[in-house]
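Working notes, beginning with the structure itself.
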Protein chains: 4
Amino acid sequence: MAYRVGVVGAAGYAGIELVRLLLGHPQFKLVAITSNADAGQKLADVYPAFAGVSDLEFTTHDNPLLTACDAVFLAVPHTAALAAAPGLLKAGVSVFDLSADFRLSDPAVYEAWYNTQHTSPELLKTRAFGLPELFAADLARAAASRAAGEAVLVACAGCYPTATSLGAYPAIQAGWMAEGSSVVVDAISGVTGAGKSANARTHYCSADENVEAYGVCKHRHTPEIEQILGLEDRVVFTPHLAPLKRGLLSTVNIPLAPEVADTLTTEDAVARYRAFYEGSPFVRVLDAGQFPKTSSVAGSNACQIGLAVNGRARMLVITSAIDNLCKGAAGQAIQCANIVLGLDETCGLPLCALPV
Amino acid sequence: MAYRVGVVGAAGYAGIELVRLLLGHPQFKLVAITSNADAGQKLADVYPAFAGVSDLEFTTHDNPLLTACDAVFLAVPHTAALAAAPGLLKAGVSVFDLSADFRLSDPAVYEAWYNTQHTSPELLKTRAFGLPELFAADLARAAASRAAGEAVLVACAGCYPTATSLGAYPAIQAGWMAEGSSVVVDAISGVTGAGKSANARTHYCSADENVEAYGVCKHRHTPEIEQILGLEDRVVFTPHLAPLKRGLLSTVNIPLAPEVADTLTTEDAVARYRAFYEGSPFVRVLDAGQFPKTSSVAGSNACQIGLAVNGRARMLVITSAIDNLCKGAAGQAIQCANIVLGLDETCGLPLCALPV
Amino acid sequence: MAYRVGVVGAAGYAGIELVRLLLGHPQFKLVAITSNADAGQKLADVYPAFAGVSDLEFTTHDNPLLTACDAVFLAVPHTAALAAAPGLLKAGVSVFDLSADFRLSDPAVYEAWYNTQHTSPELLKTRAFGLPELFAADLARAAASRAAGEAVLVACAGCYPTATSLGAYPAIQAGWMAEGSSVVVDAISGVTGAGKSANARTHYCSADENVEAYGVCKHRHTPEIEQILGLEDRVVFTPHLAPLKRGLLSTVNIPLAPEVADTLTTEDAVARYRAFYEGSPFVRVLDAGQFPKTSSVAGSNACQIGLAVNGRARMLVITSAIDNLCKGAAGQAIQCANIVLGLDETCGLPLCALPV
Amino acid sequence: MAYRVGVVGAAGYAGIELVRLLLGHPQFKLVAITSNADAGQKLADVYPAFAGVSDLEFTTHDNPLLTACDAVFLAVPHTAALAAAPGLLKAGVSVFDLSADFRLSDPAVYEAWYNTQHTSPELLKTRAFGLPELFAADLARAAASRAAGEAVLVACAGCYPTATSLGAYPAIQAGWMAEGSSVVVDAISGVTGAGKSANARTHYCSADENVEAYGVCKHRHTPEIEQILGLEDRVVFTPHLAPLKRGLLSTVNIPLAPEVADTLTTEDAVARYRAFYEGSPFVRVLDAGQFPKTSSVAGSNACQIGLAVNGRARMLVITSAIDNLCKGAAGQAIQCANIVLGLDETCGLPLCALPV
């Protein structure tokens, strides 16, 4: 017995990754894919990888099939999800939002960083935060509501916050961080992270053979990371663009409290992290001395984490790798939907990247 | 009821692609992966994409589990398959060979192009040629033998011959080619085609930002293409290396007989090709005016084909795209095994590439 | 005593390569760079490689400094050069046109392939064709006219025609080609060849990890190659896009006359080509068995050529590598300007690529 | 009047970049290039970019022409420079060493990080440190000694220390850094930084479409950065590998003293940096809000720096871009040689990258 699902904003990169995963999902039936720009075109004409695989066509966002779905995924820019979610919820459709619109619990923070009014602040009180490994209780509550017949809203975490928080959270929860210090996060993303829009930055001849920082000290994922980690004004986040399609590596530097720095070994840290992630099928903590390659997770919903304790400089250095489109967007949303709809959280999600 | 399978030479690029596909195959149970160089190491330590996915370890080639398999895939260099196949067959194990050792039906041609003696010429008479879309009868015969309790040998086609022949065969069968003319094939492969060996050619700094031809007029896939197409001494084949990991594009130029050139339209050619490939789930012939991107098939077992009739110069130009490691190697071998073992030929094989 | 020069269309990829080369040219003083889209912006703000190197600013195309130049380079789309050249010539400025507007000697061919009227057919009679290694007499004539005080027009050859013709011409001139046969040219270009416009094809995530053919049987460089080689309706040209920035490799297949095929060795062919290019400082014919890498010429004005005689199939296979922006565009235009203005043809032009 | 120079270890990536630059240097005559592995081979056969450009051949390291040089560049692994430098100095040849052997002033630190004995500790007292923008006095002293007839030794700074220190030094000198705090440096290098050796890490199929950290908390450039900045045990340095050939971006996070954080603006910081680098032709400090692309400096000896003050988290974030082979190795060594030999420091060095 499959659930009927739809994707709004299906022609963007996160949207099309949802389509790929949902077409292969054994418990979901994808009935509607919308894109105002590509409405009327066949999926396979816009993305030729689907030639011979699916006859779906893009429709406009007002496709009536959406309101007959069990769940709808919103893969639209911020503000567009604010506009779309309330109606779907009212129609009894659970909403899994990949945009930033419902992530920040304080609407004032949203308004400050996104320069726009939050039109549904009441939804922020009940929405679940979609990062299953760290917010299991949130999603369990949503699953219970859904089982009781309610439509629920899940605000799926962003790509940088996902990799960064999976890397940083266990250490901070363990109380290892030096009081009053700040976490320095330098992260690197592939170009799919910049979206499907063709512009000077995404031109092949600009992105190829180049790395650069962008959004320095003002990237909108900063407050989201701070919220997840409980570190207001204490996250310094610098994203970088590198010449690859998929993949996101977050390098997290956590200053250690002196007494921790003097005793904690890398092996201790690995053990603690492994215990923390014991029930999490997608997270893999590597042996001491190993650090993840983004290519080891590309195309999959996995997150790989490497750790090193730097006693000299009293710092825990963590690198955390995900596929920005999968665990950082579409895969995570489906993982949340699996949980909320009572399925196994791995259902339909690739655990394994291409080996080469 | 799963079949037990093994991979000899599992740490190379074709071998590890077999491992990836076999681990996800619903009817095969992968019980042995061998690599003399990596014996004793965990799969996930050599290829970290498998972290948390499989606990398999590499063993040496003499793993006794192999002879207890239903089918073994040989992903070893030529001559090594010559050495390994007879023993496995004698032990009752069906063999799917990805090397060139059993592809050429005439051992003299093998010896001329590979500079080595063919030690099992008798096997060439009964082996099936593993290119299902063009040699269905061969594989049906092997399936019948196998059903009757015999171990069978399948010589899977090479990567360039697969893409090239799928592109060229229907036109030649249709009699469109000018008498006495030669086919010009210029093909481009990603660097996985050059194998896992680290050398001056496969160094990132040599392959990146570069295209070049190699093996000009002497590549060993030439006689294989000529054999499949029945064009002795009439194939000019030039392979090129381009900076991508997976993907192979073969551009095939077939001189048209004058009367054909004067009347055949591209639409006619597309229609003929579509009819030819009607029962072939992995081959997709694109609309007139469309030509395949290798990225549309990477990671999948698909082949996409584009066609153009050049009336001015009396030439049919065909471009044919595959993933060299999947349809060009591991995927095709599994497709052959599916057929021989009585499964649906698509079983366990990805039809769809990553959309981006 | 430097010549004053300007570049019209300086913000495109060929234009900015002209700017790079002209800023380093010891005999040219770059006084005007125009771009209607970027007028008013500093060179270094649009192309940050020039930070600290030049204070030039882009102006609109009507910059009056242009008519005071000795030479102006037109790096504009076709039809725009048709509009700009006559006025400059009238003002006594020699014009080096990188567009296709004055390349085809027969205006009817231009009109058929470019779907637009040729508004200055009279200029086609006197323009020099800008491919110095093959049209030395043309450029010598232009130099003489220029020395006599006339403004001259040079129609610089396109990127594919340059690589292809440098590769094919000596063989055809030698009479090696089989009568009535067609030349098959499969060429591969980096993404700068697709221009600066940001679109679905030039998006990093579309071009990366992909090769594809485009413009099959209808690319506009076809009649230009046929004109240079004197092979009307006998060139089959298929360009391909590969994931690199700069570099163009043309693989040329020339059917050999039977008597030639039976006797010509690759060494003979190399010797003939070396004799042909003896006085050409930018062309390098490689030893038999060697084939060029595009990375060996990227950033330079060099062309490297490799040859192989295929006796079995009676074919001469040639691969010819250039940098599409340099020898294929800006470098060649400066080489022509050097000749026309009486300088050494190598003046200010890089002979050597980055070694890695 | 040209100086005679040689390169020991000329076939590696830094060595061949020296060759490229020295062949084009107007005041240096390159008379010897050595490589024990490639001895007897022509330069152009090993690096085909030099075809037609130079007839030099590689010799073994014991080439007697070296001791007749004015200056020799050592581009050999650490310990090999320890072995080679004393003899050359004794022969009156000034030595510009690109290895790490003479960078660390304290031999005990060298021995701790490099696990080998320092056999010439006395040379550490007189060697100049080769990072001209920060150690001008050192190089002036060496120039004076050289003018007085002495052979001098210059220990050229490493690639990561160069980019990082050029980015960090002015802020630290200004006293902006919070007392007792540590600097976090996350840097990204292209694959040429991993050297010419073909191995699992440098294989195209491993490096492509991948980013990863390496040498976490133990990279040997850490003590060199600490020495330059005067921050013992207070630098946390994590290098990363990204899929490009040339380019190095260092992202430096400097905790600001509270009183500085409350008042310093990004514009202030830019102004201070511009004043600091006023006489430095290769360093360019970008406008507030701008951050460098590595592609803007690739192939050149330039360094571009971007700055942002993060008042919320009291951090100065700096990104600094160089070409690891040029300003990070060969170019910097030649810059040092120019200074020591009394030439303009920019002599023969490219100021400008390819614009695209």
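Summary of values
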| read-out | value |
| --- | --- |
| Top-ranked residue in region B:303-327 [being of a type in the set (Gly, Ala, Ser) and in contact with a Leu (Cβ under 6 Å, 6 or more places away or on another chain); ranked as nearest to B:ALA288 (Cα to Cα)] | B:GLY306 |
| Whichever residue in region C:276-296 is more than 10 Å from chain B (Cβ to nearest Cβ) and of a type in the set (Val, Ile, Thr) and, among such residues, is surrounded by the most Cβ atoms within 10 Å (Cβ to Cβ) | C:VAL285 |
| Residue tally, condition touching a residue at least 60 places away in the same chain (Cβ under 8 Å) and out of contact with any Pro (no Cβ under 9 Å at 6 or more places or on another chain), over region B:251-276 | 10 |
| Qualifying residues in region D:28-43 (those that are within 15 Å of C:PRO355 (Cβ to Cβ) and touching a helix residue (DSSP H, G or I) at 6+ places or on another chain (Cβ under 8 Å)) - the one surrounded by the fewest Cβ atoms within 10 Å (Cβ to Cβ) | D:ASP38 |
| So D:ALA321, is it within 11 Å of chain A (Cβ to nearest Cβ) and either surrounded by 21 or more Cβ atoms within 10 Å (Cβ to Cβ) or part of a loop (DSSP other than H, G, I, E, B) (or both) | yes |
| Yes/no for C:VAL252 being part of a strand (DSSP E or B) and more than 9 Å from every other protein chain (Cβ to nearest Cβ) | yes |
| Qualifying residues in region B:303-313 (those that are open to solvent by 10 Å² or more (accessible area, probe 1.4 Å) and more than 7 Å from every other protein chain (Cβ to nearest Cβ)) - the one nearest to B:ASN253 (Cα to Cα) | B:VAL309 |
| Whichever residue in region B:324-356 is of a type in the set (A, V, I, L, M), within 14 Å of chain A (Cβ to nearest Cβ) and under 26 Å from B:ALA147 (Cα atoms) and, among such residues, is surrounded by the fewest Cβ atoms within 10 Å (Cβ to Cβ) | B:LEU349 |
| Hits in region D:212-225 (condition: assigned to a helix (DSSP H, G or I), within 29 Å of A:ALA163 (Cα to Cα) and not β-branched (Val, Ile, Thr)) | D:HIS221 |
| Qualifying positions in region C:51-73 - without any contact (Cβ under 8 Å) to a residue 24 or more places away in the chain and either in contact with an Asp or Glu (Cβ under 6 Å, 6 or more places away or on another chain) or hydrophobic (A, V, I, L, M, F, W, C) (or both) | C:ALA51 |
| Tally, over region B:176-203, of residues that are surrounded by 21 or more Cβ atoms within 10 Å (Cβ to Cβ) and in a loop (DSSP other than H, G, I, E, B) | 4 |
| Selection from region B:204-259 of residues that are open to solvent by less than 10 Å² (accessible area, probe 1.4 Å) and among the aromatic types (Phe, Trp, Tyr) | B:TYR204, B:PHE237 |
| Within region D:175-200, tally of residues that are of a type in the set (Lys, Arg) and at positive phi | 0 |
| All positions within region C:226-249 that are outside any loop (DSSP other than H, G, I, E, B) and more than 29 Å from C:LEU354 (Cα to Cα) | C:GLU226, C:GLN227, C:ILE228, C:LEU229, C:VAL235, C:VAL236, C:PHE237 |
| Long-range neighbours under 9 Å by Cβ, at least six apart or interchain, first residue over 26 Å from D:SER295 (Cα atoms) within region D:166-194, second outside any helix (DSSP H, G or I) and open to solvent by 40 Å² or more (accessible area, probe 1.4 Å) | D:ILE172/D:GLY230; D:ALA178/D:ARG314; D:GLY180/D:ARG234; D:SER181/D:ARG234; D:SER182/A:ARG314; D:SER182/D:ASP233; D:SER182/D:ARG234 |
| Flag for C:LEU30 being assigned by TED's automatic domain parsing to the domain that holds C:VAL76, part of a helix (DSSP H, G or I) and among the hydrophobic types (A, V, I, L, M, F, W, C) | no |
| Residue list for region C:266-275, filter: open to solvent by less than 20 Å² (accessible area, probe 1.4 Å) and within 14 Å of chain B (Cβ to nearest Cβ) | C:ALA269, C:VAL270 |
| Residue match in region D:306-314 (condition: free of Cβ contacts under 8 Å to residues at least 60 places away in the same chain, of a type in the set (A, V, I, L, M) and assigned to a loop (DSSP other than H, G, I, E, B)) | yes |
| Hits in region B:255-265 (condition: small (Gly, Ala, Ser) and more than 13 Å from chain C (Cβ to nearest Cβ)) | B:ALA257 |
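To keep it simple, each residue is scored yes or no on (1) more than 12 Å from B:CYS352 (Cα to Cα); (2) part of a helix (DSSP H, G or I).
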position	(1), (2)
B:VAL260	yes, yes
B:ARG272	yes, yes
B:SER280	yes, no
B:SER295	no, yes
B:GLN304	no, no
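Results for (1) closer than 22 Å to A:ARG201 by Cβ; (2) within 12 Å of chain B (Cβ to nearest Cβ); (3) not polar (S, T, N, Q), shown as yes or no for each residue.
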site	(1), (2), (3)
C:GLY158	no, no, yes
C:GLY167	no, yes, yes
C:ALA187	no, yes, yes
C:HIS203	yes, yes, yes
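The values are calculated or read from the model by the stated rules, or taken from the named source; none is laboratory data. Worth saying up front: this structure is predicted, and the values here are computed from it rather than measured. So basically every Cβ, Gly included, is an ideal-geometry build from the backbone, and we count neighbours across all protein chains shown. Keep in mind that these areas ignore ligands, DNA and RNA; they rest on the heavy atoms of the full protein, side chains included. Shrake-Rupley method; radii C 1.70, N 1.55, O 1.52, S 1.80 Å.
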